[in-house]
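Presented below is the structure to which this report refers.
The values are calculated or read from the model by the stated rules, or taken from the named source; none is laboratory data. Being a predicted model, the structure only gives us computed values, none of them experimental. Counting neighbours? That spans all protein chains shown, and the Cβs are built from the backbone with ideal geometry, glycine included.
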Amino acid sequence: MIKSDFMRYFETSTSTNGYKKTLQALFAPGFRAMCVYRFGKWIKRKNLFFQIIFLPFYHFLNQRLKIKWGIQIPLSCEIGEGFYIGHFGGITIASDAKIGKNVNISQLVTIGEAGEGDKAGAPTIGDGVYIGAGAKVIGKIKVDDNVKIGANAVVYKDIPKNAVVVNYPGFKIISYKGNRKEAFK
């Protein structure tokens, strides 16, 4: 899975030089976050003795991710291969969230738990989903494959395949005079 994660960062690198593309991908905060997450999942599959030795190191790295880059990915969530964090900072994923393959998320995204009783839980997100900056996907809902969620959208209901979800109304133009005094003369 690390290879699939790496290739997503490698393909989106801005450099044309193969060596520089590799370095950009390796040092991307999102890729590092996925390495820590995959490392923690790998440790959890090992025997108890191995876990006792290496889990503290995982927790140290995970805490560092939270503090340095603002990326919170709990070990208990499920994330498919090819996960891509385009811009780091303010990313929170619920502990029981399920995320499919080749999902892209941007900064300030929350994939969170909500609800009460039977409706309590976290989202299940399909394959090939894009979640824009500042979007909130909350509750026990299903976001199907190939969905695009626009910036600052709040998603709290099931979304069918191939849908595009935006925050409506997005904005309203209230003046054409500009924002400088010279424009008002």
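Out of all the residues in region 63-76, which are farther than 15 Å from residue 104 by Cα and assigned to a loop (DSSP other than H, G, I, E, B)? Step through it out loud before you land on a result.
Taking region 63-76 and keeping what is farther than 15 Å from residue 104 by Cα, we get 63-70, 72, 74-76.
Across region 63-76, the qualifying residues are 70, 74, 75, 76.
Taking the condition of being crowded, with 18+ Cβ neighbours inside 10 Å, part of a loop (DSSP other than H, G, I, E, B) and either touching a residue at least 40 places away in the same chain (Cβ under 8 Å) or hydrophobic (A, V, I, L, M, F, W, C) (or both), how many residues in region 103-129 meet it?
6
Can you find a residue that is within 26 Å of residue 143 (Cα to Cα), in contact (Cβ under 8 Å) with a residue 24 or more places away in the chain, part of a helix (DSSP H, G or I) and not β-branched (Val, Ile, Thr) anywhere in region 77-93?
no
In the set 60, 39, 31, 10, which member is more than 23 Å from residue 81 (Cβ to Cβ) and either in contact (Cβ under 8 Å) with a residue 60 or more places away in the chain or in a helix (DSSP H, G or I) (or both)?
Answer to the check: 60.
Sort out which residues of region 1-43 are under 17 Å from residue 65 (Cβ atoms) and exposed (fewer than 13 other Cβ atoms within 10 Å of the Cβ), and write them in order of number.
27 - this is the single residue of region 1-43 that is under 17 Å from residue 65 (Cβ atoms) and exposed (fewer than 13 other Cβ atoms within 10 Å of the Cβ).
Looking at region 50-59, can you tell me whether even one residue there is touching a helix residue (DSSP H, G or I) at 6+ places or on another chain (Cβ under 8 Å), surrounded by 13 or more Cβ atoms within 10 Å (Cβ to Cβ) and within 23 Å of residue 108 (Cα to Cα)? Working first, answer last.
Restricting attention to region 50-59, the residues satisfying the condition of being touching a helix residue (DSSP H, G or I) at 6+ places or on another chain (Cβ under 8 Å) are 50-51, 54-55, 58.
If we keep only those that are surrounded by 13 or more Cβ atoms within 10 Å (Cβ to Cβ) as well, we get 50-51, 54-55, 58.
When the remaining residues are screened for being within 23 Å of residue 108 (Cα to Cα), the result is none.
The answer is no, given that none of the residues of region 50-59 is touching a helix residue (DSSP H, G or I) at 6+ places or on another chain (Cβ under 8 Å), surrounded by 13 or more Cβ atoms within 10 Å (Cβ to Cβ) and within 23 Å of residue 108 (Cα to Cα).
Give me the pairs, please: first residue somewhere in region 130-150 and at positive phi, second residue anywhere and among the aliphatic types (A, V, I, L, M), beta-carbon distance under 8 Å, and either six or more positions apart or on two chains.
Close Cβ pairs satisfying both conditions: 134/108; 134/109; 134/151; 139/114; 139/122; 146/129.
Which ones in region 107-126 are in contact with a Gly (Cβ under 9 Å, 6 or more places away or on another chain) and of a type in the set (D, E, K, R)? Can you show your working first?
First, the residues of region 107-126 that are in contact with a Gly (Cβ under 9 Å, 6 or more places away or on another chain): 107-110, 112-115, 119-126.
Scanning region 107-126 gives 113, 119.
Search region 130-172 for residues being charged (D, E, K, R) and part of a loop (DSSP other than H, G, I, E, B), and hand back the single one that is modelled with the lowest pLDDT.
Only one residue tops the list, namely 172.
Can you name every residue in region 119-153 that is among the basic types (Lys, Arg) and out of contact with any Ser or Thr (no Cβ under 9 Å at 6 or more places or on another chain)? Quick ask: steps written out before the conclusion?
Here is the first cut: in region 119-153, the ones among the basic types (Lys, Arg) are 119, 136, 140, 142, 148.
Correct list: 119, 148.
Test residue 69 against the stated conditions and say whether it is out of contact with any Phe, Trp or Tyr (no Cβ under 8 Å at 6 or more places or on another chain) and farther than 21 Å from residue 154 by Cα.
It is false that residue 69 is out of contact with any Phe, Trp or Tyr (no Cβ under 8 Å at 6 or more places or on another chain) and farther than 21 Å from residue 154 by Cα.
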